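The structure appears right after this line, and notes come after that.
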Amino acid sequence: MSDWYLKFVDEEQAQEVLYTPVYAPDPESNPDDPLPDVVVSWTLNYVNIDIIGVIYEPQPDPLPEGYVPVPYGGWFVNVRVVSEDPEPLLPFSIDPQPYPLRIWA
């Protein structure tokens with residue numbers, strides 16, 4: 001068992017790594033044409049996925065009037081790998097400093 005802290009470019013990239021699409025024929029396609037497949041659901045590639053999403057830089061205290069939160073770039077996800085293959089996660093692995101925002105209990 002190992003915990004992975006991941007940073008993706010965006011939510012779409014994370015979905016491509018963490019899930020596998022399940023396809024089915026498009027019910028709205030023309031019956032005379034070959035039926036193109038459409039995604040109908042997603043299957044988890046990892047059992048334990050914790051979507052964090054966008055993380056913002058710490059806010060000043062007190063907040064100045066008109067303050068706009070500043071996001072760190074990326075889409076963040078924690079994954080606890082139990083028996084799955086961690087190899088696809090390697091390019092997205094980060095070492096959050098000074099410590100992870102959220103951890104597995």
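Across the range 83-93, computed HN-Hα scalar couplings (Karplus, 6.51 cos²θ - 1.76 cosθ + 1.60, θ = phi - 60°) run 10, 6, 7, x, 3, x, 7, 3, x, 10, 6 Hz from first to last residue, x flagging Gly and Pro.
When the helices in the chain are scored as -39500 (n - 2.57) per DSSP H run of 4 or longer and the sum is shared across all residues, what 222 nm value do you end up with, to the nearest 500 deg cm²/dmol?
Roughly -2000 deg cm²/dmol at 222 nm, from the helical runs in the chain.
What's the extension gain from Val9 to Val68 if we count 0.36 nm per residue and subtract their Cα-Cα distance?
Once the chain is fully extended between Val9 and Val68, it gains 19.1 nm.
Working ranking of peptides 55-67, 3-15, 37-49 by packing, defined as the average number of other Cβ atoms within 10 Å per residue, highest first, is 3-15, 37-49, 55-67.
Summary value for the chain: 40 percent relative contact order, contacts being C-alpha pairs under 8 angstrom separated by 6+ residues.
Kindly identify the chain as rounded, prolate or oblate by the Cα gyration tensor criterion: order the square roots of the eigenvalues as a ≥ b ≥ c, call it rounded if a/c is under 1.5, otherwise compare a/b with b/c, prolate if a/b is larger, else oblate. Judged from the Cα gyration tensor, the chain comes out oblate (a/c at least 1.5, b/c at or above a/b).
No lab work stands behind these numbers, since they all come straight from the coordinates. Computed from a predicted model, the values in this text were never measured in an experiment. Don't worry about glycine lacking a Cβ; one is built from the backbone with ideal geometry, like all the others, and counts go over all protein chains shown.
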